[in-house]
1. Among 163-171, 115-123, how do they line up from the highest to the lowest mean number of other beta-carbon atoms within 10 Å?
2. DSSP beta bridges in the chain, what fraction antiparallel, as a percent rounded to 5?
3. For the chain, what does the helix formula give at 222 nm: sum of -39500 (n - 2.57) over DSSP H segments with n ≥ 4, over the residue count, nearest 500 deg cm²/dmol?
4. With a ≥ b ≥ c taken as the square roots of the eigenvalues of the C-alpha gyration tensor of segment 112-180, please select rounded if a/c is under 1.5 and otherwise prolate if a/b is larger than b/c or oblate if it is not?
5. About the Cα centre of the chain, how large is the charge dipole given +1 on each Lys and Arg Cβ and -1 on each Asp and Glu Cβ? Please answer in debye to the nearest 20.
6. Where the centre of each part is set by its Cα atoms, how far does segment 136-167 sit from segment 175-202, in angstrom?
7. Let me make sure I get this right: for segment 115-253, a, b and c are the square roots of the gyration tensor eigenvalues over alpha carbons, sorted descending. Under 1.5 in a/c it's rounded, otherwise prolate if a/b > b/c, else oblate. Which is it?
8. Between Glu73 and Asp175, what is the label-point separation in nm under the 7 Å Cα-to-beta-carbon projection?
Amino acid sequence: MTRAIMNGCNGKMGQCITNICKADPDIEIVAGIDVYDGIKNDYPVFPSISACTVKADVVIDFSNASAVDELLEYCVATQTPVVLCTTGLSDEQLAKMEAASGKVAVLKSANMSLGINTLMELLKKAALVFAPAGFDMEIVEKHHNQKLDAPSGTALALADSMNEALDEKYEYVYDRSKERKKRDKYEIGISAVRGGNIVGEHEVIFAGQDEVIEFKHTAYSKAVFAKGAVEAAKFLTGKPAGRYDMADVIAAK
């Protein structure tokens, strides 16, 4: 059984992961980290990762960017693999993450959903078939009205997966209102919609002559990301130092 520390245990994602682990016989949360102590958990909770006295096989992190530096230092010092789910990291922090991965196993992906990461692999194959045949490629992503960034990191990751398969030939176009001109052959259009409480919806369109193929992923709750993080934690247990992502988790299944 995988023994995990939940960094950010009393946040929404931390509690979601806690509940998922309770029902999973292959993983157990043995300690939590959170400055907020107003929630009763079945495991001890420490105010910081450096104060944690419980040993574990892996750390699952859904905290905030300000806590990541200390987390990476802890994981390297204790040789504890980490599933890094916190977003909004600075370039300096991303560099520290890469440096840490040379000493301990680190898993980070733009999106923790198993569905989205499987979709990325499917899109690579689809792009190799449809793009040379003259199909136009478009991505439409929808999120709640509180989301600050546009387009989403997931939309960019989907575009990257296709562009990578096509040897980086395509440019990304985010706003066609700036210029009145015909769509270029070598572009991937990305459109962002913000409204209500949409958790996350991504649609990838391959539009050709007389036929259209669509791939779509819809997240109905944030639990899809929590489930992916749990699967990632089980995968990362016992892994040697290195940089991993969700594609590795899927490949191992």
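1. Numbers: 163-171: 13.9, 115-123: 19.4.
Per-residue Cβ counts within 10 Å, averaged per peptide and sorted highest first, yield 115-123, 163-171.
2. Details: 15 of 45 bridges.
Antiparallel: roughly 35 percent of the beta bridges in the chain.
3. Working: 7 runs with 82 residues, N = 253.
Theoretical 222 nm ellipticity from helices: -10000 deg cm²/dmol.
4. Working: a/c = 2.34, a/b = 1.16, b/c = 2.01.
Oblate.
5. Charge dipole, the chain, about its Cα centre: 300 debye, nearest 20.
6. What the calculation gives is 9 Å, centre to centre.
7. Values: a/c = 2.14, a/b = 1.41, b/c = 1.52.
Oblate, because a/c is 1.5 or more while a/b does not exceed b/c.
8. Simple spin-label model gives 4.1 nm for this pair.
The values are calculated or read from the model by the stated rules, or taken from the named source; none is laboratory data. Since this is a predicted model, take the numbers as computed values, not measurements. We place every Cβ from the backbone using ideal geometry, glycine too, and count neighbours over all the protein chains shown. We work out accessible area using only protein heavy atoms, side chains counted, and drop any ligands, DNA or RNA first. Shrake-Rupley method; radii C 1.70, N 1.55, O 1.52, S 1.80 Å.
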